[in-house]
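Take a look at the structure set out below.
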Amino acid sequence: MIPAEFIKDDIGRHNGATQDSTQRLITGRTYADLSTVWITPTRGQIKPRVVASWMALMRPMNQPFVGPIFIEGDEVGIAYQKAFDMVLEHPELRKFKYVLTVEEDNLPPSDGLMKLYESIEKGYDYVSGLYWTKSEAGQPLILGDPNVMPRNFVPQVPKLNTLQPCNGAGMGFGLWSVKSLREKLKDMPKPWFRTVQEKGTQFTQDLWFFNEAAKYGFKMAVDTRCLVGHMDSNGIIW
């Protein structure tokens, strides 16, 4: 017979720190609706190292998660418009909470999506991970400070481990509120995504969208805790 003083209740680490464990659940929002549709425009040339990164991405447990859904062969703006129209018009997918956009040259950290779930609920309609343009003189895709006028897309200096409001960001690894797309942008003319290269006017499809969507109260930020690699055609990750 074991003396009573040697018997311990094996309640487990999380039960032994219930307050901290409970706060972790609240912060990570794993108890909430995290239903997500993953969409990726592609030229059909996704490198193995990128695929390996995607396979390691943590997804919410016991939550509806569809994708990746690939939109292949279209110009990127057209591909995104097709993908978002498909989600917003589908009888089931339009009920999902989020859209996750992932581009074929982006390598998110394994916990990146979980961080975006946490950050988007702090008053934003879109939140991106932090990645840089692909060159030695690369610029962070945290574009324009909403507090600086006139409105612009000048790259901000990253403030690490925070949520940084901006006027625009990349779409290579970002989380979108379906409700915001459906309600805030219901009157925004389509196409939402346009690549424009005209005299005096140049927009990539992402900056065109963010420039127009801001007129309808659409708010965006970059989660600088979520550090995303950006691979070039030579396999260098910037």
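The values are calculated or read from the model by the stated rules, or taken from the named source; none is laboratory data. Bear in mind the structure is a predicted one, so any value in this text is a computation, not a measurement. Counting neighbours? That spans all protein chains shown, and the Cβs are built from the backbone with ideal geometry, glycine included.
Odds and ends about this structure:
- Enumeration of residues in the range 69-105 that are under 20 Å from Ile237 (Cβ atoms) and either of a type in the set (D, E, K, R) or modelled with pLDDT under 95 (or both): Glu103, Glu104, Asp105
- Residue match in the range 9-23 (condition: at pLDDT below 90, among the hydroxyl-bearing types (Ser, Thr, Tyr), at negative phi and assigned to a loop (DSSP other than H, G, I, E, B)): no
- Options Met231, Met188: the member that is hydrophobic (A, V, I, L, M, F, W, C), surrounded by 12 or more Cβ atoms within 10 Å (Cβ to Cβ) and in contact with a strand residue (DSSP E or B) (Cβ under 8 Å, 6 or more places away or on another chain): Met231
- Residues of the range 166-179 classified as crowded, with 19+ Cβ neighbours inside 10 Å and over 12 Å from Pro140 (Cα atoms), total: 9
- Of all residues in the range 52-66, those satisfying the criterion of being over 13 Å from Met114 (Cβ atoms) and surrounded by 12 or more Cβ atoms within 10 Å (Cβ to Cβ) are Ser53, Trp54, Pro64, Val66.
- Count - residues of the range 70-106 that are part of a strand (DSSP E or B) and under 15 Å from the mean Cα position of the chain (by Cα): 6
- Among all positions in the range 148-156, there is no residue which is without any contact (Cβ under 8 Å) to a residue 12 or more places away in the chain, farther than 28 Å from Lys190 by Cβ and not in a loop (DSSP other than H, G, I, E, B).
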